[in-house]
Protein chains: 2
Amino acid sequence: MSDYKASLQDMNFVLHEVFNIADDWARMPELQEMMDADTATAILQEAAKVTEGLIAPNARQADEQGVSYADAKVTTPDGYKEAFRQLAEGGWVGVTASPELGGMGLPKIISAQYEEMMCAADISFSLYPGLTAGAIIALDSHASDELKQQYIPRMASGEWTGTMCLTEPHAGTDLGIIRTKAEPQADGSFAITGTKIFITGGEHDLTDNIIHLVLAKLPDAPAGSKGISLFLVPKVLVNDDGSLGQRNAVSAGSVEHKMGIHGSATCVMNFDGAQGWLVGEPNRGLAAMFTMMNYERLGVGIQGLGAAARSYSTALAYAKDRRQGRGAKATQDPNASADPLIVHGDIRRMLLTMKAFIEGGRAFSSYVGQQLDRAKYAQDASEREAADTLVALLTPIAKAFMTDTGLESTIHGQQILGGHGYVREWGQEQWVRDCRIAQIYEGTNGIQALDLLGRKVAGSRGAMLQPLLNDIQATLQQAGPAWSAESEQLGQAVELVQQLTAKILSRVGDDENIINSLAVEYLHLLGYVIYAYLWLRMALVAEASGSTDTFYAAKVKTARFYFAKILPRIHGLAGAIAAGSESLYAHDEGDF
Amino acid sequence: MSDYKASLQDMNFVLHEVFNIADDWARMPELQEMMDADTATAILQEAAKVTEGLIAPNARQADEQGVSYADAKVTTPDGYKEAFRQLAEGGWVGVTASPELGGMGLPKIISAQYEEMMCAADISFSLYPGLTAGAIIALDSHASDELKQQYIPRMASGEWTGTMCLTEPHAGTDLGIIRTKAEPQADGSFAITGTKIFITGGEHDLTDNIIHLVLAKLPDAPAGSKGISLFLVPKVLVNDDGSLGQRNAVSAGSVEHKMGIHGSATCVMNFDGAQGWLVGEPNRGLAAMFTMMNYERLGVGIQGLGAAARSYSTALAYAKDRRQGRGAKATQDPNASADPLIVHGDIRRMLLTMKAFIEGGRAFSSYVGQQLDRAKYAQDASEREAADTLVALLTPIAKAFMTDTGLESTIHGQQILGGHGYVREWGQEQWVRDCRIAQIYEGTNGIQALDLLGRKVAGSRGAMLQPLLNDIQATLQQAGPAWSAESEQLGQAVELVQQLTAKILSRVGDDENIINSLAVEYLHLLGYVIYAYLWLRMALVAEASGSTDTFYAAKVKTARFYFAKILPRIHGLAGAIAAGSESLYAHDEGDF
């Protein structure tokens, strides 16, 4: 197996040359106070060392060993405990938490790179600090000052971890029908009773305490999603002096045996009158959860990117080393009995498809990260609002498109190794299995698509597309004659999006099924167009750099590849979208 | 987990109503003598019982347990040995072997249905009899009468199994560079020495003997693929009286740990001067192997179909049963807190995509099967030749397209179950893992595409497409006004194929990389067009039937779905094909 190497050069290109973080941050004093661009760059260099040296080496063994469960206790794979300890010691658990609560205060555009490295190194392991960071955000935004002070610093330091307990056996996507109950107690706390499933890191041996954020219903709660509240339920109760007290009435009933992410403990959690505290307003739990959803969903998208990046590095090394057959053009190496795989067109097609998705995805996650930072730190309210709108539009695409292209990429990365990609030894099949979950959890990709087309695009009558279209227009206007073909292609793609959007909007009134039936293809259409925009933007920057580093020439070549070979996929999607909902609803239940 | 149920109604529809096997066989006396249509139907009904009751129940447990290896011995999962014994007893191992050598003499169009059932039941298990059937074909076509009489009856009866030993550690696809040697011995046999990897069923505990077909080089062999010979090497030597003698010098060095097909023993085989016998002419081993390739490759394509069919049955049952959210159109069940998943557009999209690929694939494998039968049994030489040409064209498409759509289908089938699709308990993730290998072995799908576009289409300057285009035209001429939109769509698709083919052919002389660079997209393009043809053909038959059985109405609806939602994908492929090879060869090795 190739060792993992973080793509620092590309990350720095994206951060400094494409998204100009120094300029951007100069307009945001609150951010600038916590972090400057040079420090961020240095932090990423350190992050590369940590993920390459500390996290990545455990991934294969952790997959083989998995987590084990006995007597309500979960044992993580060998090496995880020590790796987590060192990670916490280095301050890498609380990277996004604010400095006054013990975090590093890293802007999202930077932490997005760190998350990519963590996911490329080991998605399973990344979930323990990742969920903790998510829980911190929810608490920071909604919990009382008392709860914040009591819990966040010890989560940000990695002394404790966090979870999110949403799903129940009968209720996955549909949180409106959860049954977990919260009974008010005399001391102002609540007794939480119910069963949650698929709880990532619900129990483990990495830390002494685990802080569960739990969705539950108050006794007088209205039915459906407007009757859900959020509670903080620690595994071990915390005394007033901060010391750990009694064990709370929450425990893991079992762990799931899964296709992948074997090192991640996915638990059934039983709450038997466990003591918990309300976070935020009663019956506003879903809103509190949604605060961190935009962060989390980008994070899950980045899992697809990380898996693809890890797979690419092995596939590329193999394609250069392994000799099979002869190139079509000419024998490359007459002294050997065969040429390296990389001379073959189909191997190049697969490698370049991966490369286009990975570097495009890196630019995309950075684009969303920058908007998240602007939404939080921009001084001008209208800039914050515009960024917020763009984030709302892009988030479901980031989650779904980066994981769908992530799976496609890991499948290519496996295919390049042939039979050696199918055996476990090389690791390529693990990245497929590990990546696959990211299309499912944190809201399935189908749900993301509904959110995009239903709530965002149709919900705004198309208005929410405008900030994105403005950004694309700005890049199109910068493109010189060397990019006239690609500019025209992108311009036509944007027109196609507008036409199809208008067509869908015109049918919403007459056809209740239209959103529902086209959402996934629509999300993919936008995803391919956004990557085309980002590839053109990167190509223009690379060309303007005047650098003789082959990195810049390669960037331009990969941009050309994307326009030639990947963007045309939108025409297949457009056909399916134009066909409407009719053929999906003609079948009666017995016809299937 | 849902129990597996074979799709007998659809198989009978395809065999009797779409492909009219009774009429077809009436023109082929040699076939008719062995088998009539009624008997074939009865055999499939028995096959359904065997695969549903004997094979399918082992699949999940076999995946968990896997094969184990110790001291050069391989133990198969619990239940496999007894299942294989009963299968052999029922005559199901030698289904395609000729009756005079102990087989059932089943025509390929029938055995294709049986193979689908076997693969849906358990791909891992299916490989033991499947490889045996393949070895029988190679021996039947090329071995001396003595070898045939000595080995085939006992393989057809399931007393012994067969393997194919091609791949070596340094040579996967590129068989020209194998190193295994065959030294002639005084008694006319050969001493075989070398190491083979990825040998399916190379060692196991199901039978007392295993007959290996091994590619090796004679001492004076020319370099490359024209210097390869085929040898029969039994695990245990067979005495003249047919009793088992000494153990031969061949043994399993280890078994691979793989992503899936855990119940299949994938072995490293060491030949240490093992005694073998030449099969066919010296240095003509690859040609002998290719005899069975058309059969085997269709069989591997059917693995994709089988996995998809198994996944669909569970996904459909789950979608009808599981309640999440409310349908867009109206609440379906006001008495429950949520509607069944099947009301949701995206769930229907995934189910119908699977259904369209499965029923389209079933028609496709039957279409190829019918052509294989005609190529073998037709009285008229020109009919045999036309069928042979069509088989040569369709085989790489069958192998690659049925496995690519098979993987897509199993991924949909997993996605429909959400998180429950990712945990092992439900089995949906197993069909993904088991299906994945079929895109890799027996020539990767990239190699299939090269065979199609390079050897077949470009090699014949497009002439080999003609029999297929004739078949499509015949169906287009039968389509009435109710199918005018779909006919037009299919007609345009055929034109697109012709235009793109002409364009590629016009560039072959100037661009050595053109075939290499476009082959995969070209294969997919043809695959989608062939499925469209078969869907139109099925729809016309269903409509003409006049039956009130909802099966026929559903067939028509699914055909409409295919044209509305799946066929448009060709426009994405066409764009990538039209873009040529340039963007794939711009990158220097260091640019990746």
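The values are calculated or read from the model by the stated rules, or taken from the named source; none is laboratory data. Not measured: the values here are computed from a predicted model. Glycine gets a Cβ as well: all are built from the backbone with ideal geometry, and neighbour counts include every protein chain shown.
Only one of (1) within 14 Å of another protein chain (Cβ to nearest Cβ); (2) without any contact (Cβ under 8 Å) to a residue 60 or more places away in the chain; (3) β-branched (Val, Ile, Thr) is not met by B:THR200, so which one is it?
Looking at each condition in turn, B:THR200 falls short on (2).
Conditions (1) outside any helix (DSSP H, G or I); (2) farther than 30 Å from A:GLN430 by Cα; (3) away from every other protein chain (no Cβ under 14 Å), marked per residue:
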site: B:GLN414; (1), (2), (3): no, no, no
site: B:LEU417; (1), (2), (3): yes, no, no
site: B:ASP434; (1), (2), (3): no, no, no
site: B:ARG461; (1), (2), (3): yes, yes, yes
site: B:MET464; (1), (2), (3): no, yes, yes
site: B:ALA493; (1), (2), (3): no, yes, no
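Of the residues B:ALA319, B:ALA307, only one is under 27 Å from the mean Cα position of the chain (by Cα) and assigned to a helix (DSSP H, G or I); which?
B:ALA307
I'd like to check something: does the range A:115-124 contain any residue that is under 20 Å from A:LYS376 (Cβ atoms), modelled with pLDDT of 95 or more and in a helix (DSSP H, G or I)?
Yes, because at least one residue in the range A:115-124 is under 20 Å from A:LYS376 (Cβ atoms), modelled with pLDDT of 95 or more and in a helix (DSSP H, G or I).
Being within 14 Å of another protein chain (Cβ to nearest Cβ), touching a residue at least 40 places away in the same chain (Cβ under 8 Å) and either surrounded by 22 or more Cβ atoms within 10 Å (Cβ to Cβ) or aromatic (Phe, Trp, Tyr) (or both): is that true of B:ILE192 here?
It is false that B:ILE192 is within 14 Å of another protein chain (Cβ to nearest Cβ), touching a residue at least 40 places away in the same chain (Cβ under 8 Å) and either surrounded by 22 or more Cβ atoms within 10 Å (Cβ to Cβ) or aromatic (Phe, Trp, Tyr) (or both).
Which residue out of A:LEU465, A:LEU453, A:LEU394 is in contact (Cβ under 8 Å) with a residue 12 or more places away in the chain, closer than 27 Å to B:ILE342 by Cα and under 23 Å from the mean Cα position of the chain (by Cα)?
Going through A:LEU465, A:LEU453, A:LEU394 in turn, the sole match is A:LEU453.
Only one of B:LEU407, B:LEU394 is within 14 Å of another protein chain (Cβ to nearest Cβ) and either aliphatic (A, V, I, L, M) or not in a helix (DSSP H, G or I) (or both); which?
Just one listed residue meets the conditions, B:LEU407.
Would you point out the residue of the range B:503-520, among those that are surrounded by 20 or more Cβ atoms within 10 Å (Cβ to Cβ) and over 20 Å from the mean Cα position of the chain (by Cα), that is farthest from the other protein chains (Cβ to nearest Cβ)?
Applying the filter and picking the extreme gives B:ILE504.
Picking from B:GLU429, B:GLU486, which residue would you name as being of a type in the set (Asp, Glu), within 14 Å of chain A (Cβ to nearest Cβ) and without any contact (Cβ under 8 Å) to a residue 40 or more places away in the chain?
B:GLU429
In the set B:ILE347, B:ILE358, which member is out of contact with any Lys or Arg (no Cβ under 6 Å at 6 or more places or on another chain), within 9 Å of chain A (Cβ to nearest Cβ), of a type in the set (Val, Ile, Thr) and surrounded by 22 or more Cβ atoms within 10 Å (Cβ to Cβ)?
Just one listed residue meets the conditions, B:ILE347.
Going by the structure shown, is B:ASP321 modelled with pLDDT under 95 and more than 10 Å from every other protein chain (Cβ to nearest Cβ)?
yes
How many of the residues making up the range B:99-114 are touching a residue at least 60 places away in the same chain (Cβ under 8 Å) and outside any helix (DSSP H, G or I)?
Matching residues across the range B:99-114 total 4.
Checking A:VAL541 against (1) in contact with an Asp or Glu (Cβ under 6 Å, 6 or more places away or on another chain); (2) under 21 Å from B:LYS557 (Cα atoms); (3) more than 7 Å from every other protein chain (Cβ to nearest Cβ): exactly one of these is not met. Which one?
Tallying (1) in contact with an Asp or Glu (Cβ under 6 Å, 6 or more places away or on another chain); (2) under 21 Å from B:LYS557 (Cα atoms); (3) more than 7 Å from every other protein chain (Cβ to nearest Cβ), A:VAL541 fails exactly one: (2).
Look at the range B:163-175 and say how many of its residues are within 8 Å of another protein chain (Cβ to nearest Cβ) and either within 21 Å of B:VAL233 (Cβ to Cβ) or modelled with pLDDT of 80 or more (or both).
So the count comes out to 4.
Which numbered condition in (1) of a type outside the set (Val, Ile, Thr); (2) in contact with a Pro (Cβ under 9 Å, 6 or more places away or on another chain); (3) surrounded by fewer than 18 Cβ atoms within 10 Å (Cβ to Cβ); (4) over 29 Å from B:MET269 (Cβ atoms) is the only one that B:ALA26 fails?
Single failed check for B:ALA26: (2).
Yes or no: A:ALA574 within 7 Å of chain B (Cβ to nearest Cβ) and either surrounded by fewer than 22 Cβ atoms within 10 Å (Cβ to Cβ) or in contact with a strand residue (DSSP E or B) (Cβ under 9 Å, 6 or more places away or on another chain) (or both)?
For A:ALA574, the condition - within 7 Å of chain B (Cβ to nearest Cβ) and either surrounded by fewer than 22 Cβ atoms within 10 Å (Cβ to Cβ) or in contact with a strand residue (DSSP E or B) (Cβ under 9 Å, 6 or more places away or on another chain) (or both) - is not met.
Report whether or not A:GLY590 is at pLDDT below 95 and either at the interface with chain B (Cβ under 8 Å from one of its Cβ atoms) or more than 29 Å from A:GLY454 (Cβ to Cβ) (or both).
yes
Report, by residue number, each residue of the range B:63-78 that is surrounded by fewer than 18 Cβ atoms within 10 Å (Cβ to Cβ) and part of a loop (DSSP other than H, G, I, E, B).
Of everything in the range B:63-78, those that are surrounded by fewer than 18 Cβ atoms within 10 Å (Cβ to Cβ) and part of a loop (DSSP other than H, G, I, E, B) turn out to be B:ASP71, B:ALA72, B:ASP78.
Here are some conditions: (1) in a helix (DSSP H, G or I); (2) surrounded by fewer than 22 Cβ atoms within 10 Å (Cβ to Cβ); (3) away from chain B (no Cβ under 14 Å). A:GLN379 meets all but one. Which one does it not meet?
(1)
Quick check on the range B:232-270: of everything there that is β-branched (Val, Ile, Thr) and closer than 16 Å to A:GLU425 by Cα, which residue is surrounded by the most Cβ atoms within 10 Å (Cβ to Cβ)?
Top of the filtered list is B:ILE261.
Out of all the residues in the range A:81-97, is one or more aromatic (Phe, Trp, Tyr), outside any helix (DSSP H, G or I), touching a residue at least 12 places away in the same chain (Cβ under 8 Å) and surrounded by fewer than 20 Cβ atoms within 10 Å (Cβ to Cβ)?
Within the range A:81-97 (the criterion being aromatic (Phe, Trp, Tyr), outside any helix (DSSP H, G or I), touching a residue at least 12 places away in the same chain (Cβ under 8 Å) and surrounded by fewer than 20 Cβ atoms within 10 Å (Cβ to Cβ)), the answer is no, since none of the residues qualifies.
Please specify each residue of the range B:98-135 satisfying the condition of being of a type in the set (S, T, N, Q), more than 21 Å from B:GLY263 (Cα to Cα) and surrounded by 24 or more Cβ atoms within 10 Å (Cβ to Cβ).
B:SER111, B:GLN113, listed by residue number.
Conditions (1) touching a residue at least 12 places away in the same chain (Cβ under 8 Å); (2) under 21 Å from the mean Cα position of the chain (by Cα), marked per residue:
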{"site": "A:ASN20", "(1), (2)": "no, no"}
{"site": "A:ASP24", "(1), (2)": "yes, no"}
{"site": "A:MET28", "(1), (2)": "yes, no"}
{"site": "A:ASP38", "(1), (2)": "no, no"}
{"site": "A:LEU44", "(1), (2)": "yes, yes"}
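Would you please name the residue that is nearest to the chain's Cα centre (by Cα), looking only at residues in the range A:436-450 that are facing chain B (nearest Cβ under 8 Å) and in a helix (DSSP H, G or I)?
A:GLN439
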